[in-house]
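What follows draws every value from the coordinates through simple rules; no lab data is involved. Because the structure is a prediction, the values reported are computed rather than measured. Note that we place each Cβ from the backbone using ideal geometry, even for glycine, and neighbour counts take in every protein chain shown.
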Amino acid sequence: MANAVAVQAQPVTADELLRMPDDGLRRELVRGELRVMTPAGRPHGKVSLRIGARLEPHVAAHGLGEAYDGQTGFRIASDPDTVLAPDISFIGRERLKVVGDAQGFIPGAPDLAIEVVSPGDSSDEVEEKVFVWLSAGCRMVVTVNPKRRTATVYRSHSDILHLTEHDVLDGGEVVPGWKLPLRELFD
């Protein structure tokens, strides 16, 4: 998760966000407020890529649904609009039936959202985003902290599991059969 900076005061809609030029900047929309994401550094990019490279083949091989990278936006609220893009995400087969062939931002939350913590992210920002995802219907949110070599798994506001680099991240019922030894992300 890269640092976000607010850039305007007037509410922006998801449709307006979708029409913005592709100028290399990553943007999110929180309650109508446009946030430009600061580009992430090397550890963030490396860890995000490693997670996606292990998640997507598992999802495809087992026909579980679809995995997405950090360029994919999810419209999780309207009036005012909120569109967030986790670093890595997954939508299961059943939910894909509901999404259908939606163009643009995917309506609703993914089943799994993974946020990689950047050095400038505050704990409050990270926690706020986790609880926004959960409130929007995300079944599992994982935050990965490359600096601390840890991950935290949230299944609800009270079901929280802290993992170290010696542990294995388990997709559980959300991504059946997917296991990721955290050491592989940080070595």
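See the values below:
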item: Number of positions in region 8-39 that are more than 14 Å from PHE74 (Cα to Cα), crowded, with 16+ Cβ neighbours inside 10 Å and of a type in the set (Lys, Arg); result: 1
item: Any hit, region 47-64, residues being more than 16 Å from GLY172 (Cα to Cα), in contact (Cβ under 8 Å) with a residue 60 or more places away in the chain and of a type in the set (S, T, N, Q); result: yes
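Rundown of residues vs (1) part of a helix (DSSP H, G or I); (2) among the aromatic types (Phe, Trp, Tyr); (3) in contact with a strand residue (DSSP E or B) (Cβ under 6 Å, 6 or more places away or on another chain), yes/no style:
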residue	(1), (2), (3)
PHE90	no, yes, yes
ARG95	yes, no, no
VAL98	yes, no, no
GLN103	no, no, no
SER118	no, no, no
ASP121	no, no, no
GLU125	yes, no, no
VAL132	yes, no, no
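Residues are listed down the side, and each one gets a yes or a no for (1) under 19 Å from VAL132 (Cβ atoms); (2) surrounded by fewer than 17 Cβ atoms within 10 Å (Cβ to Cβ); (3) touching a Lys or Arg at 6+ places or on another chain (Cβ under 9 Å):
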site	(1), (2), (3)
GLY65	no, no, yes
ASP69	no, yes, no
THR82	yes, no, yes
LYS97	no, yes, no
